[in-house]
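Below: the structure, in structure tokens.
The values are calculated or read from the model by the stated rules, or taken from the named source; none is laboratory data. Here the structure is a predicted model, which means the values were calculated and not measured. A quick note on method: Cβ atoms are made from the backbone with ideal geometry, for glycine too, and the neighbour counts reach across all protein chains shown.
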């Protein structure tokens, strides 16, 4: 499929707006994760503004594609994306992690329109997505299932049980997307529990594997189009990302995995992101 440049620029702007919302949310909450949500904004924007078959006015339509978030701690990017896409009011984003809020620190299924699964313990999302994909196939549905995962949770045994099962049953309506940012809460993944060669491992379990720059919207869209054309096996999109993307003092620093910015840090981050948004808009005018 040909992706028009104005489509790309709109998605890039949406991703920057999502990042701005993430900083605002984390500052107001005083807790939460920064690096992962910022790093996955481009992938979420591409999914919700171009790739997935969804309708904010009919969030539970049986014909919708399903988007599952396995690494639930990056849910600020999910919430921000859903709000930007019109699933619920943007003003509600500032209730993140507050008592009585629908926006909890880990997502709770159906607490908000578009929240398809409950996420907490890492390593469970792919199993959930696999079950949904198999059920859709039994119902002869054309809907697709996208499962967003962290690279760190590839250390979990349950993940590999799901990988084996999906490969065995050739679950071609399942596309997994790994946020390959090379960090986890206590350091670099390759120092803690090496994952490489992760692409070869998935291929050995009968998965089709595509590697992309997780900040290149065109590559993300084209990879998902390719996945839709693969009918004989599930697909993994290995999205190489920069944790903390868009905020220079957060980028590639694992210490930002699980902490929010303070007021001064948020001010600096928002200035960088708003400057970037202005650049994106003027570049394509």
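Just checking, does segment 235-243 include any residue being in contact (Cβ under 8 Å) with a residue 24 or more places away in the chain, part of a loop (DSSP other than H, G, I, E, B) and touching a strand residue (DSSP E or B) at 6+ places or on another chain (Cβ under 8 Å)?
Start the filter on segment 235-243 by keeping residues that are in contact (Cβ under 8 Å) with a residue 24 or more places away in the chain, which leaves 235-243.
Still in the list and also part of a loop (DSSP other than H, G, I, E, B): 241-243.
Right, trim to touching a strand residue (DSSP E or B) at 6+ places or on another chain (Cβ under 8 Å) and you get 241, 243.
There is at least one residue in segment 235-243 that is in contact (Cβ under 8 Å) with a residue 24 or more places away in the chain, part of a loop (DSSP other than H, G, I, E, B) and touching a strand residue (DSSP E or B) at 6+ places or on another chain (Cβ under 8 Å).
Would you point out which residue out of 189, 175 is free of Cβ contacts under 8 Å to residues at least 40 places away in the same chain, crowded, with 17+ Cβ neighbours inside 10 Å, closer than 24 Å to residue 36 by Cβ and in contact with a helix residue (DSSP H, G or I) (Cβ under 9 Å, 6 or more places away or on another chain)?
Numbers: 175 fails: free of Cβ contacts under 8 Å to residues at least 40 places away in the same chain.
Answer to the selection: 189.
Got a sec? Which of 126, 134 is surrounded by fewer than 18 Cβ atoms within 10 Å (Cβ to Cβ) and in a helix (DSSP H, G or I)?
Numbers: 126 fails: surrounded by fewer than 18 Cβ atoms within 10 Å (Cβ to Cβ).
Going through 126, 134 in turn, the sole match is 134.
Filter segment 137-166 for residues that are over 21 Å from residue 35 (Cβ atoms) and assigned to a loop (DSSP other than H, G, I, E, B) and give the result. Steps first, answer last, please.
Initial filter on segment 137-166 (over 21 Å from residue 35 (Cβ atoms)): 137-146, 157-158, 160-166.
The answer is 139, 140, 141, 142, 143, 144.
Could you please find all residues in segment 26-46 being in a helix (DSSP H, G or I) and surrounded by fewer than 24 Cβ atoms within 10 Å (Cβ to Cβ)?
Taking segment 26-46 as the starting set, the residues that turn out to be in a helix (DSSP H, G or I) are 26-29, 35-39, 41-46.
Matches in segment 26-46: 27, 28, 29.
Give the number of residues within segment 254-285 that are out of contact with any helix residue (DSSP H, G or I) (no Cβ under 6 Å at 6 or more places or on another chain), at pLDDT below 95, farther than 22 Å from residue 148 by Cβ and not in a helix (DSSP H, G or I).
1
Take the residues of segment 147-172 that are within 11 Å of residue 234 (Cβ to Cβ), in contact with a strand residue (DSSP E or B) (Cβ under 9 Å, 6 or more places away or on another chain) and touching a residue at least 60 places away in the same chain (Cβ under 8 Å): which is surrounded by the fewest Cβ atoms within 10 Å (Cβ to Cβ)?
Top of the filtered list is 172.
Working only within segment 52-105, note down all residues that are in a loop (DSSP other than H, G, I, E, B), buried (at least 24 other Cβ atoms within 10 Å of the Cβ) and out of contact with any strand residue (DSSP E or B) (no Cβ under 9 Å at 6 or more places or on another chain).
Matches in segment 52-105: 96, 103.
Hey, any hits in segment 243-252 for a residue that's in contact with a helix residue (DSSP H, G or I) (Cβ under 7 Å, 6 or more places away or on another chain) and over 25 Å from residue 21 (Cβ atoms)?
So far as segment 243-252 goes, no, none of its residues is in contact with a helix residue (DSSP H, G or I) (Cβ under 7 Å, 6 or more places away or on another chain) and over 25 Å from residue 21 (Cβ atoms).
Identify, please: which residue in segment 184-218 is under 20 Å from the mean Cα position of the chain (by Cα), in a strand (DSSP E or B) and more than 19 Å from residue 124 (Cα to Cα) and is, among those, modelled with the lowest pLDDT?
Residue satisfying both the conditions and the ranking: 188.
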